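Down below is the structure, laid out as structure tokens.
The values are calculated or read from the model by the stated rules, or taken from the named source; none is laboratory data. It should be emphasised that the depicted structure is a prediction, and the values quoted were computed from it without experimental measurement. Here Cβ is always computed from backbone atoms with ideal geometry, including for glycine, and neighbour counts include all displayed protein chains. We work out accessible area using only protein heavy atoms, side chains counted, and drop any ligands, DNA or RNA first. Shrake-Rupley method; radii C 1.70, N 1.55, O 1.52, S 1.80 Å.
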Amino acid sequence: MELTFYCRRQTTPEQIDQIDVYLAKSLAEKLYLFQYPVRPASMTYDDIPHLSAKIKPKQQKVELEMAIDTLNPNYCRSKGEQIALNVDGACADETSTYSSKLMDKQTFCSSQTTSNTSRYAAALYRQGELHLTPLHGIL
């Protein structure tokens with residue numbers, strides 16, 4: 001397939017460029033788009049330790065467990081201890097969420113934003129070619 005671009009500023013449209021478009025289906029059943037709508041793009045999770053990940057592909061659910069920097073000056077230790085106590089109770093055992101008696105991790109659970117992803121794709125434009133892969137889900 002080819003995609004043609006036209007300039008409409010002139011009275012007669014003039015072709016500006018033409019690129020080849022490729023549809024790649026090899027990842028179509030495995031490609032998901034993850035969105036974090038409540039966090040600014042400037043605050044990434046790149047340097048945060050990832051503790052665990054769970055996925056249920058058929059239900060399109062993902063759970064990510066991320067560490068919290070408890071040594072950061074912005075972390076309130078007393079609040080972290082109180083949250084751990086409220087979650088786990090006074091006695092700590094192997095089923096405790098916070099074994100350190102301190103809120104030292106957080107869990108992100110996905111929710112499916114749309115069930116119809118037929119209009120969405122991931123794209124890569126390189127060397128005059130546009131490669132598209134349909135998305136299987138948006139979480």
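Assign one of three labels to segment 28-113, namely rounded, prolate or oblate, based on the Cα gyration tensor with a ≥ b ≥ c the square roots of its eigenvalues; rounded applies when a/c is under 1.5, prolate when it is not and a/b is larger than b/c, and oblate otherwise. Verdict is oblate for segment 28-113. The simple spin-label model puts a point 7 Å past each Cα toward its Cβ; for Leu71 and Ser100 those points are separated by 1.0 nm. For segment 94-139, the fraction of 1.4 Å probe accessible surface lying on carbon and sulfur atoms is 47 percent. Contact order for the chain, expressed relative to its length and based on alpha carbon pairs under 8 Å spaced 6+ residues apart, stands at 30 percent. Once the C-beta distance of Val87 and Ala41 is scaled by a Förster radius of 25 Å, the resulting FRET efficiency is 0.25 to the nearest 0.05. Net charge within 15 Å of Gln112 by Cβ-Cβ distance, Lys/Arg positive one each and Asp/Glu negative one each, not counting Gln112 itself? Summing Lys and Arg as +1 and Asp and Glu as -1 gives +2. In terms of distances greater than 27 angstrom between alpha carbons, the cross-link table entries Lys58/Lys101; Lys25/Lys105; Lys54/Lys105; Lys56/Lys105; Lys58/Lys79 yield Lys58/Lys101; Lys25/Lys105; Lys58/Lys79. Each Lys or Arg adds one and each Asp or Glu subtracts one; over the other residues with Cβ under 15 Å from the Cβ of Leu135, this totals +2.
Efficiency by 1/(1 + (r/R0)^6): what FRET value for Lys58 and Leu33, r their Cβ-Cβ distance, R0 = 22 Å, to the nearest 0.05? Efficiency, from the Cβ-Cβ distance: 0.80.
Helix 77-88 axis versus longest C-alpha principal axis of the chain: approximately 90°, rounded to the nearest ten.
Distance between the modelled labels on Lys79 and Tyr125, one decimal in nanometres: 4.3 nm (7 Å Cα→Cβ projection).
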